[in-house]
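Below: one structure, written as structure tokens.
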Amino acid sequence: MSTRLDLIDLDQSGLEGYRRFISCWLSHGEGPSFIVDPGPASTAAVLTAKLGELGVTHLDYILLTHIHLDHGGATPQLLDAFPGARVVCQPKARAHLMDPARLWEGSRSVLGAVADAYGEPRPVPENTLAGYETLAADGIAVIPTPGHAPHHISFLDRGTLFVGEAAGTFLDLGDGDWYLRPATPPRFFLETAVKSLDRLLALDPAPERLAFAHHGLLEGRVVELLSRSREQHQRWVDAVRAIRRDHPEAPFEDLAPRIAAYLLEHDPYLARRGDLPADIQVREQDFTRQSLRGMVLYVDESAGD
């Protein structure tokens, strides 16, 4: 029996362009059966129904690259359906899973209506949480990748690297090329993001495939994509620095469109946004702005260093 890897799309029908967006991964067959990032609470029923269609009757693990609402919100509902599963996340994130009140309020303050669409997460019982050593016994490696969030981790199993958002948002354009965008948080640190990518690039042997949280699978060319993501992060910060230097007093609302326009012309991977479906372009325009917000704050705070 071989290991089977299935992508379960969790489209958010109430949000424009939120399709081909959330990749929930199921690994089953040979070896342990597990889910990576079960998605938001709002689509928990969709996920459990799909698992039933796939004939899944047992899960060993629920693996969380991080606990943002669109990645870990459905964890309690999945535990209801598979009570024998154990949840693995970065240790400092456990408290927020067990008591998600601060996570919920913080998400609502940043995401607004999007957080409401994802749904409020329920607490995860403490006795369902397991440590990295449990995964190691089953041959699953955990790699710290705190560039997207301090509690972000990646998982490596049988040649597949579940990269979460460490390498940003990815879409296969079907012509051998990609759309690629950094997924940087409001508190962004370039050095941390680059070190996270360097840690993945140092894996030997290199993974055979990348499984993204947003969105899909890349077979082969793993080192190439991780290298391009590293370059892209630096390119974006360099652009922010240059445009901020020319507009030192501009508020973010005025600065962001200038930076985005420059990057659409000079970043070959962001430039492919125009090849995406119209509704996904709308979504990506909004997320580009969100990513730039973290980078502008980083550049502004490091200006005196």
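For the residues ALA260, ALA239, ALA213, ALA206, the requirement of being closer than 13 Å to VAL299 by Cβ, in contact (Cβ under 8 Å) with a residue 12 or more places away in the chain and of a type in the set (Gly, Ala, Ser) singles out ALA239. Scan the range 288-305 for residues that are in contact with a Ser or Thr (Cβ under 7 Å, 6 or more places away or on another chain) and under 18 Å from PHE21 (Cα atoms) and jot them down. Within the range 288-305, SER291 is the sole residue that qualifies. Summed over the range 14-26, residues that are under 14 Å from LEU47 (Cα atoms) and hydroxyl-bearing (Ser, Thr, Tyr) total 1. For residues that are aromatic (Phe, Trp, Tyr) and over 20 Å from LEU203 (Cα atoms), scanning just the range 98-156, find the one that is surrounded by the fewest Cβ atoms within 10 Å (Cβ to Cβ). Ranking the qualifying residues of the range 98-156, first place goes to TRP104. Among residues of the range 115-137 that are within 17 Å of HIS71 (Cβ to Cβ), those with a beta-carbon under 7 Å from a residue that is acidic (Asp, Glu) and outside any helix (DSSP H, G or I) at least six positions away or on a different chain give the pairs PRO123/ASP99. Could you say whether any residue in the range 168-175 is touching an Asp or Glu at 6+ places or on another chain (Cβ under 7 Å), buried (at least 18 other Cβ atoms within 10 Å of the Cβ), aromatic (Phe, Trp, Tyr) and part of a strand (DSSP E or B)? For the range 168-175, residues touching an Asp or Glu at 6+ places or on another chain (Cβ under 7 Å), buried (at least 18 other Cβ atoms within 10 Å of the Cβ), aromatic (Phe, Trp, Tyr) and part of a strand (DSSP E or B): absent.
Restricting attention to the range 263-285, the residues that are assigned to a helix (DSSP H, G or I), without any contact (Cβ under 8 Å) to a residue 60 or more places away in the chain and within 24 Å of the chain's Cα centre (by Cα) total 6. Just one residue in the set ASP116, ASP157 is among the acidic types (Asp, Glu) and under 18 Å from the mean Cα position of the chain (by Cα); that residue is ASP157.
The set of residues in the range 75-110 being under 10 Å from PRO123 (Cα atoms) and touching a strand residue (DSSP E or B) at 6+ places or on another chain (Cβ under 9 Å) consists of THR75, LEU97, MET98. How about the range 120-160: which of its residues are in a loop (DSSP other than H, G, I, E, B) and among the β-branched types (Val, Ile, Thr)? The answer is VAL124, ILE140, THR145. With respect to the stated conditions, PHE188 fails to be aromatic (Phe, Trp, Tyr) and in a strand (DSSP E or B). The condition (being part of a loop (DSSP other than H, G, I, E, B), under 18 Å from the mean Cα position of the chain (by Cα) and either of a type in the set (A, V, I, L, M) or within 19 Å of LEU7 (Cβ to Cβ) (or both)) is satisfied by just one residue among ILE62, ILE67: ILE67. Going by the structure shown, is VAL237 more than 21 Å from GLY17 (Cβ to Cβ) and assigned by TED's automatic domain parsing to the domain that holds THR160? It is false that VAL237 is more than 21 Å from GLY17 (Cβ to Cβ) and assigned by TED's automatic domain parsing to the domain that holds THR160. For the range 1-11, a residue qualifies if it is buried (at least 17 other Cβ atoms within 10 Å of the Cβ) and either modelled with pLDDT under 95 or of a type in the set (Phe, Trp, Tyr) (or both), but none of them does. Looking across the range 106-119, not a single residue is among the hydrophobic types (A, V, I, L, M, F, W, C) and part of a loop (DSSP other than H, G, I, E, B). Here ARG244 fulfils each of the conditions (1) closer than 25 Å to PHE21 by Cα; (2) buried (at least 18 other Cβ atoms within 10 Å of the Cβ); (3) not β-branched (Val, Ile, Thr) apart from (1).
The values are calculated or read from the model by the stated rules, or taken from the named source; none is laboratory data. The structure presented is a predicted model; accordingly, all values stated were derived computationally and were not measured. Positions of Cβ are backbone-derived with ideal geometry, glycine not excepted, and every protein chain shown enters the neighbour counts.
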